[in-house]
Amino acid sequence: MSNLKHTLHTLFKQTVETVTPPLTKSQFEEKRVLTPDEFVAAGDYLVHACPTWSWEGGDPKKRRTYFPANKQFLVTRNVPCLKRATELEGYNPNSEFAVGGGEEGEEGWVATHSDPAAAGSGAAGKEDVPSIEAAGGAGGSGGAGGNKDDDIPDITDLELNEADDEAAAPSGRPYLRAEEPADNIMRTRTYDLYITYDQYYQVPRFWLVGHDESRKPLLPQQVMEDVSEEHARKTITVDPHPHLAGLSAASIHPCRHADVMKKLVDNLVEAGREFKVEQYLVLFLKFIASVVPTIQYDYTMSVGNE
């Protein structure tokens, strides 16, 4: 989305939200969108199921009157991101599959984790739900390599004779220092993640505020390194946070969220799984995981009363 087009659309959207009241009658069954009350119910469910998420009130001047003062948006902080999305081991563009859209001339969302049609020997038939089974998904991958500490002698076990002491003495010549190339150093980023309610699109909106290992804010182009390449080009915008003064953040534009969520929920229902509106944000986060595959927030809860 070009900057001019995005700016004009934002102004139009703000105008509509000012003159149009929020959705009050549920359209969850028909369109898979949320009323403010349903958003709060889904948020309560998420906070209960995953305590790393919490409600906050934000700037009092930016509060929406249709939400409780202390439940304006959801946040989880200091979420680790150990590697860039472009560095994912074994990434194969051919493994991307569409989960939304499908109309002639329109581009759908793309999930980058795996194609459910090819996942597991028991997964037969057509299913476009991106990794909604009870997965360890966001769990840390951890360093699983062997521990070689036993091969390193303790300093107290070393015996030096006088010749060794002389050889170890400073010679007055400059030292040669062996340093690991900077490119091989793993730099862990952290993210504060927010979920707000978008009145215009009637769906949740996901925001990312990143920091480097020194807690310095990431620039927008650095945040893009942690978004799947397909989505970084199409769906990430930088906008003022709707509830926090003075904060601009990258967000996943919600213009296609309703289409994607409808497809995912309908797939679950067609498969005979019960899905309640309170579970909306759990499934939403599983979908968002395909956009930010290396940001390890908790979305490990099951969906659909498995």
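Overview of values
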{"item": "Accessible surface, segment 1-85, averaged per residue in Å² (probe 1.4 Å)", "result": "59 Å²"}
{"item": "24 Å Cα-Cα reach of Lys5 towards lysines, excluding residues that sit fewer than 8 places from it in its own chain", "result": "Lys13, Lys234"}
{"item": "Interchain or long-range residues, amide H under 5 Å from Val227's placed H", "result": "Ala85"}
{"item": "Net +/- balance of residues flanking Ser214 in space, Cβ distance below 11 Å, scoring K and R +1, D and E -1", "result": "+2"}
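The values are calculated or read from the model by the stated rules, or taken from the named source; none is laboratory data. On a predicted model such as this, the values are computed, not experimentally measured, just so you know. For neighbour counting, all protein chains shown are included, and Cβ atoms are generated from backbone atoms with ideal geometry for every residue, glycine included. SASA here: full protein model, heavy atoms, side chains in, ligands and nucleic acids out. Shrake-Rupley method; radii C 1.70, N 1.55, O 1.52, S 1.80 Å.
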